[in-house]
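Contents: one structure, followed by commentary.
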Amino acid sequence: MARFDVNNGNGGFKEYQKKGEVLRCIHNYVASLYSYNLQVLEHINEKTHNRQYNKGDLLPGRDTPDREIPEYIKSYTFLHGLRNDIQHGEYHCLSVNKVDEDEDGREYYQAKFTKHGFEPRPVGGLDRSGDYLRHSDQKDRQYLLTYICEFHDLFNDFETDIETWCERSRTDSL
């Protein structure tokens with residue numbers, strides 16, 4: 001959940017502004033993640049000569065067996081689709097609602113994902129978005145901030161692996 005401290009500066013925000021702030025943070029996260037992954041691919045392509053990687057490597061098709069897809073990519077696939085869906089301000093698959101308020105003036109908001117309204121491609125509907133939903137189920141995706149937090153653990157491991165690989169590639173080129 002997202003927390004707003006009403007007594008410490010967030011008291012002047014209207015409820016719709018708080019909901020908008022949660023959506024803005026989600027959008028910034030998935031957009032940054034998308035950019036990060038494209039930069040990683042570019043860097044890998046600079047260092048390797050036996051194969052060129054592209055965005056498709058971040059979104060394996062149905063012909064790729066699950067056992068060959070890293071957990072990071074499985075989890076990222078949904079967030080990539082979510083980024084596509086909300087990139088142009090279309091948040092139809094997300095709802096943000098106040099779920100609690102405590103005696104210390106903190107309000108808690110929850111972001112929920114539903115398949116209804118999920119259109120990660122400019123044309124077509126859910127029937128064409130199956131690949132983005134392939135590696136997660138509605139229960140996993142329902143509470144979006146929880147999904148993002150769990151994904152971020154995978155991201156941290158991925159980033160550490162990339163840093164290690166980069167360090168080795170720098171050493172090998174000396």
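Numbers at a glance
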{"item": "Given (i) 50; (ii) 56; (iii) 47, the label whose value is percent of Cα pairs over 21 Å apart derived from this model", "result": "(ii)"}
{"item": "Surface accessible to a 1.4 Å probe, per residue, for the residues of the chain, Å²", "result": "61"}
{"item": "Violating pairs (Cα-Cα greater than 29 angstrom) within the set Lys14/Lys112; Lys19/Lys55; Lys18/Lys139", "result": "Lys19/Lys55"}
{"item": "Neighbourhood net charge (13 Å Cβ-Cβ; Lys/Arg +1, Asp/Glu -1) for Glu15", "result": "+1"}
{"item": "Region 141-154 - phi-based ³J(HN,Hα) in whole Hz, Karplus 6.51/-1.76/1.60, Gly and Pro as x", "result": "7, 3, 9, 4, 5, 5, 4, 5, 4, 5, 4, 4, 4, 5"}
{"item": "Degrees separating the helix 15-47 axis from the principal Cα axis of the chain, which is the longest one", "result": "10"}
{"item": "Accessible carbon and sulfur surface of region 23-78 relative to its total accessible area, %, 1.4 Å", "result": "49"}
{"item": "Ranking by accessible area, most exposed first, for Glu103, Glu46, Glu119 with a 1.4 Å probe", "result": "Glu103, Glu46, Glu119"}
{"item": "Solvent-accessible area of Ser95 with every protein chain in place, 1.4 Å probe, in Å² to the nearest 10", "result": "50"}
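The values are calculated or read from the model by the stated rules, or taken from the named source; none is laboratory data. Since this is a predicted model, take the numbers as computed values, not measurements. We place every Cβ from the backbone using ideal geometry, glycine too, and count neighbours over all the protein chains shown. Note: areas computed on protein heavy atoms with side chains; ligands, DNA, RNA excluded. Shrake-Rupley method; radii C 1.70, N 1.55, O 1.52, S 1.80 Å.
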